[in-house]
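The structure appears right after this line, and notes come after that.
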Amino acid sequence: MTLHYVVFDTHTGDQLTKGMCPEGYLNTIMNGLPAGTDVLVAPGEATLQPETDIAMIRQYCCAQVDRAADAACAPYLTPGDTQALRYRKKLDEAERWTDESDPADFPFLREEAGATAITITQLAARVIAASIVDDERIARIEARRIATKQRIRGAGQNLAVIKMAMNVDWTSLAEGEA
């Protein structure tokens, strides 16, 4: 696979040159750059034109941010349509459950509590607590995704700002460390 890239001045963000290389060769190019320069991978359509299309690079980078945020959220989301439906129903039941509730009206909680030998009240508390933790993680990721894309879109022609904006540690962010 061929990678397309632009080399830019890290102080001004101005493009210095552009090129393409085999995928495994980009680190060699980066290691050979003079101080004060950096590389940003770009779509070929943006770099093969006489004038580099920075707007296309911003769009490409925003799409990369979306993919990274999606991957960071994945561990906190339930795969599969039926499993997601079951979790939504269980959370709905947990949010409605009170000690005065009739277990017959709460089939998901009733069955799981029986299978795991805990009370419905204990299970409801666990389900709600897990949902809150996951919601907090996903909310942090979503907020950073939006802010990062906003910085990229507002960078104008400044490739250094675009590159810096994309430097997000999504895993630490999900854990509340970033």
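The values are calculated or read from the model by the stated rules, or taken from the named source; none is laboratory data. Since we're looking at a predicted model, the values are computed, not measured. No Cβ is skipped: glycine too gets one built from the backbone with ideal geometry, and neighbour counts run over all protein chains shown.
What to note about this one:
- Of all residue pairs spaced 6 or more apart or on separate chains, those with beta-carbon atoms under 9 Å, a first member in the stretch 119-144 that is closer than 16 Å to PRO103 by Cβ and among the hydroxyl-bearing types (Ser, Thr, Tyr) and a second member that is surrounded by 13 or more Cβ atoms within 10 Å (Cβ to Cβ) and at pLDDT 95 or above are THR119/ALA113; THR121/TRP97; THR121/ALA113.
- Residue within the stretch 67-84 that is touching a Lys or Arg at 6+ places or on another chain (Cβ under 8 Å), assigned to a helix (DSSP H, G or I), within 16 Å of LEU159 (Cβ to Cβ) and of a type outside the set (Phe, Trp, Tyr) present: no
- Given (1) touching an Asp or Glu at 6+ places or on another chain (Cβ under 7 Å); (2) of a type outside the set (Phe, Trp, Tyr); (3) over 19 Å from THR148 (Cα atoms), index of the condition GLU95 fails: (1)
- LEU26 meets the stated requirement of being part of a helix (DSSP H, G or I) and either loosely packed, with under 13 Cβ neighbours inside 10 Å or not charged (D, E, K, R) (or both).
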